[in-house]
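See below for the structure under consideration.
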Amino acid sequence: MQAAWYERPGPAADVLQVGEMADPIPGPGEVRVRLTFSGINPGDTKKRGDWVAYGMPHPRVIPHSDGAGVVDAVGDGVDRVRLGERVWVYGAQSYRAFGTAAQLTVVPADQAVTLPDQVGEEVGACLGIPGITAHRAVFGDGSVGGATVLVHGVLGAVGSMAAQLAAWNGATVIGTVRRSSDLPEVDDAVRHRVALDEVDPASAIRRAAADGVDRIVEVSFSDNADLDAAVAAPEAVIAAYATRDPRPDFDFWPMLFANLTIRLLGSDDFPAEAKHQAAADLTAAARTGALRIPIDEPLPLDRIAEAHDRVDAGARSRVVLAIPY
């Protein structure tokens with residue numbers, strides 16, 4: 001098969017290679033997927049750059065955890081009825097060496113999720129990491145029907161899906177962006193839009209939610225902790241999946257007096273049942289058209305370094321690779 005890989009961490013153009021590798025064979029309980037698209041997330045490029053200095057987890061890594069395609073082989077214990085099934089894939093390179101930047105990938109059978117006919121494979125390739133993270137942020141503490149949900153970074157991959165999922169579940173969604181000039185780009189699922197560069201964003205959020213917000217989806221906990229404390233309702237949940245400063249400094253007592261919960265989200269290590277529920281809900285939402293995902297024109301596999309650079313540069317639309325058949 002054709003694949004892209006790296007054998008040492010570093011800049012994309014320096015370490016990513018494209019060539020031929022042996023076809024993988026599915027083991028017991030696994031399926032093999034012939035991929036059409038591979039989705040790229042910031043976590044994939046951070047792993048390639050070894051941003052936390054953990055070193056190489058495997059001698060050779062085929063990057064990317066998300067993708068979509070067709071099941072073309074199954075291992076022992078997997079019903080052969082799955083052969084030929086259109087699927088979207090998540091977690092392909094989660095604690096595994098070989099992800100979706102290849103013509104073939106092997107994953108546990110439950111990580112290849114049936115893709116409805118109404119949903120394109122390029123959309124399926126974008127559901128995994130951002131969708132499952134967004135789902136856990138929104139639903140990790142139960143339904144949000146009738147609640148008010150504040151989503152920071154609502155133009156990002158996780159933030160936009162969190163807003164859409166919350167609205168799909170019946171929440172009133174408030175979304176923030178960094179700059180006032182970004183407000184027109186916010187999805188219609190967001191009822192109230194607030195720019196963090198305005199004079200008093202807390203007051204703007206409070207005007208939309210006089211009693212405070214019930215759940216906060218947080219993309220930069222270190223930057224927004226004080227703002228979150230100022231707008232949270234009693235017993236609200238702050239679900240944080242990222243931070244700028246790895247050692248955030250925040251005012252403890254206002255959060256304590258409000259009995260807030262801080263939920264930290266590491267998508268690779270969510271409970272299996274949470275991932276399964278997320279996969280089911282994401283598939284259902286995509287089937288009904290409740291998820292709208294902006295996707296750049298797919299790049300070919302041999303331009304993977306350029307694709308990684310686009311992600312590292314902060315591309316707002318999703319970056320995907322078109323995998324040759």
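Once the convex hull of all Cα atoms in the stretch 130-268 is built, its volume per residue stands at 98 Å³.
Hey, got the dipole for the stretch 3-120? About the Cα centre, +1 on K and R Cβ, -1 on D and E Cβ, debye to the nearest 20?
Taking the Cα centre of the stretch 3-120 as origin, the dipole is about 200 debye.
Of the residues THR100, THR105, THR288, the one with the fewest other Cβ atoms within 10 Å heads the list, and the complete ranking is THR288, THR105, THR100. Using only side-chain charges placed at the Cβ, +1 for Lys and Arg and -1 for Asp and Glu, the dipole size of the chain relative to its Cα centre rounds to 220 debye. Which of the listed residues, TRP51, ALA97, CYS126, is farthest toward the dipole's positive end in the stretch 35-142, when Lys, Arg count +1 and Asp, Glu count -1 at the beta-carbon? Ranked along the dipole, the leading option is TRP51. Projecting the Cα atoms of THR114, TRP88, LEU155 onto the charge dipole of the stretch 76-194 (Cβ charges, centred on the Cα centre) puts LEU155 farthest toward the positive pole.
Label zone (ALA284, point 7 Å along Cα-to-C-beta; backbone nitrogen cut-off 20 Å) within the stretch 104-133: 110-120, 124, 127-133. Taken about its Cα centre, the stretch 154-278 carries a charge dipole of roughly 200 debye when the Cβ of each Lys and Arg holds +1 and the Cβ of each Asp and Glu holds -1. The alpha carbon gyration tensor of the stretch 43-162 gives principal lengths a ≥ b ≥ c with a/c of 1.5 or higher and a/b no greater than b/c, which makes the shape oblate. Dividing the mean sequence gap of close Cα pairs (under 8 Å, 6+ apart) by how many residues the chain holds gives a relative contact order of 18 percent.
Sites listed here are chymotrypsin sites (Phe, Trp or Tyr not before Pro) in the stretch 30-86 whose DSSP assignment is loop and whose Cβ has at most 15 other Cβ atoms within 10 Å: TRP51, TYR54. Go through ILE174, PRO248, ASN259 and say which Cα lies farthest out towards the positive end of the charge dipole of the stretch 130-268; charges sit on Cβ, +1 for Lys and Arg, -1 for Asp and Glu. Going by the charge dipole, the pick is ILE174.
Count Lys and Arg as plus one, Asp and Glu as minus one, and take only other residues whose Cβ is under 15 Å from that of PRO248; the net charge is then -4. Give the shape of the stretch 1-100 as rounded, prolate or oblate, defined through the alpha-carbon gyration tensor: a ≥ b ≥ c are the square roots of its eigenvalues, a/c under 1.5 means rounded, and otherwise the shape is prolate if a/b is larger than b/c and oblate if not. Prolate shape, in that a/c is at least 1.5 and a/b is the bigger ratio. Calculated [222 nm] ellipticity per residue, helices only, for the chain: -8000 deg cm²/dmol; basis is -39500 (n - 2.57) per DSSP H run with n ≥ 4, divided by all residues, nearest 500.
Every number here is computed from the coordinates shown, using simple stated rules; none is lab data. Small disclaimer: the values here were computed from a predicted structure and weren't measured. Note that each Cβ is placed from the backbone with ideal geometry, even for glycine, and that neighbours are counted across all protein chains shown.
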